[in-house]
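Here's the structure we're looking at; comments come further down.
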Amino acid sequence: MKISVDLGERSYEVVVGEGVRTQLASLIALRAPRAERVAIVTSSSLRAQPWFDFEVGLATSILELPDGEQAKRPEHYVALVEALAERSLSRHDVVVGVGGGAITDVAGFAAATYLRGVPVIHVATTVAGQVDAAIGGKTGVNLRTGKNLLGAFHQPLGVLCDLATLHTLPERERRAGMGEVVKCALLEAQSSAWLARSSFESQMELAIALKARLVASDEREGSSRALLNYGHTLAHALEREAMVRSDVSLRHGEAVAIGLAFAARLARAVGRLDDRGVAEHDAALNIFQLPTRVPSVFDSSALLEAMSHDKKAHHDLTFVLAGAEGFSVVSGLAPDVVRTALDQFRGES
Ligand code: GLY
């Protein structure tokens, strides 16, 4: 299956299916015909996977980042661009990010900034990477102050979502990725019954098509692309708090799942959603056994504080909320309304 991201002369395709990683060489030949060198950016654990068998027919370097969010420390980005320079990559050459969202974010940011921009292609190897991070050109690294504070928009030449790479994912990782898929199904007003009966491929297609459409209509997140942040206000706060604790581990998709369950309750609290809508959210999340409650170790005041400092909230309590007319970005919610909804959510048995 191929889904286009229509951005004029920067348009590209997202190719989804078993074994599509083997299309890397032909994609480079088609989109970067003057390339002589390729730098594949990945991690040592991904490099050891049975599917890591890239043959591009050009001088190829393999550069490793740590797994997970550690990859997004700025020092790894600096080491990566130094490695590109040491290998004399030119503006005609290609960086290929092979991994989940953290790796493609850093590979993309290195490609965006090295020589003021070189081509990048992503081979996304996690569910969240395939439906979200690898598509749309957001790249970046973390600062001590917060996630993704140093970054750039840099669209790839193409994205390969090889479903074969998901077979080796740890079960928790794969399930957590479905948090982003459920988000997309809710945004597309697909019922939980549809999610329960549809194939994994159809669920991925729905999510990728939505992402491609929103990126094409609003590349720089001035308006509709912000809907992709559904569930993310609380999710980012949970992740931020989890980062400083050793007694809780939370995957991004799990935080999004909790954020979606809360966003439904907040929408109900402000009269935008009824009980049925809330139940639909819970039913959709339950299909994939995603968490729907804030772990008890978190402090509500700290979460509220973190939510009002969310980078995307512009120093205001901002949420994407469901409503009778569809989803919208709602700003300026009174802190006590959010606090009451959060307390009630946490008090549910
Ligand atoms: N991850 C949300 C976006 O790409 O806009």
Task: the chain: angle of helix 200-217 to the longest principal axis, Cα-based, in degrees nearest 10 - done: 90 degrees
Task: Degrees separating the helix 232-243 axis from the principal Cα axis of the chain, which is the longest one - done: 70 degrees
Task: Peptides 162-169, 42-49 ordered by average Cβ neighbours within 10 Å, highest first - done: 162-169, 42-49
TODO: Treat each spin label as a single point 7 Å out from the Cα along the C-beta direction, and report the H309 to S328 distance in nm.
DONE: 3.0 nm
Task: Among A269, P335, L227 - extreme Cα towards positive end, dipole of segment 200-349, charges at beta-carbon - done: L227
TODO: Name the longest site-free stretch of the chain, where the excluded sites are GluC sites (Glu not before Pro) in a DSSP loop with no more than 16 other beta-carbon atoms within 10 Å.
DONE: 189-324
- [ ] Figure the gain on full extension for H167 and R47 (residue separation times 0.36 nm, minus the Cα-Cα span) and round it to one decimal in nm.
- [x] 41.7 nm
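Relative to the Cα centre, what is the charge dipole magnitude of segment 134-191, using +1 at the beta carbon of each Lys and Arg, -1 at the beta carbon of each Asp and Glu, and rounding to the nearest 20 debye?
Its charge dipole is roughly 280 debye.
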Open item on the list: Between helix 101-113 and the chain, what is the angle of the helix's C-alpha long axis to the longest principal axis, kept within 0 to 90° and rounded to the nearest 10?
Closed with: 50 degrees
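Assign unit charges at the C-beta atoms only (+1 for Lys and Arg, -1 for Asp and Glu), then state the dipole size of segment 1-119 relative to its Cα centre in Debye, rounded to the nearest 20.
280 debye
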Task: 1.4 Å probe accessible area per residue over segment 206-281, in Å² - done: 38 Å²
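In debye to the nearest 20, how big a dipole does the chain give about its Cα centre with +1 on each Lys and Arg Cβ and -1 on each Asp and Glu Cβ?
Charge dipole, the chain, about its Cα centre: 380 debye, nearest 20.
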Task: Between segment 109-154 and segment 198-229, the Cα center-to-center distance that results, in Å - done: 17 Å
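The values are calculated or read from the model by the stated rules, or taken from the named source; none is laboratory data. This is a predicted model, so every value here is computed, not measured. In this analysis, Cβ positions are derived from the backbone assuming ideal geometry, glycine residues included, and neighbour counts consider all displayed protein chains. The accessibility values were calculated without ligands, DNA or RNA, using every heavy atom of the protein model including side chains. Shrake-Rupley method; radii C 1.70, N 1.55, O 1.52, S 1.80 Å.
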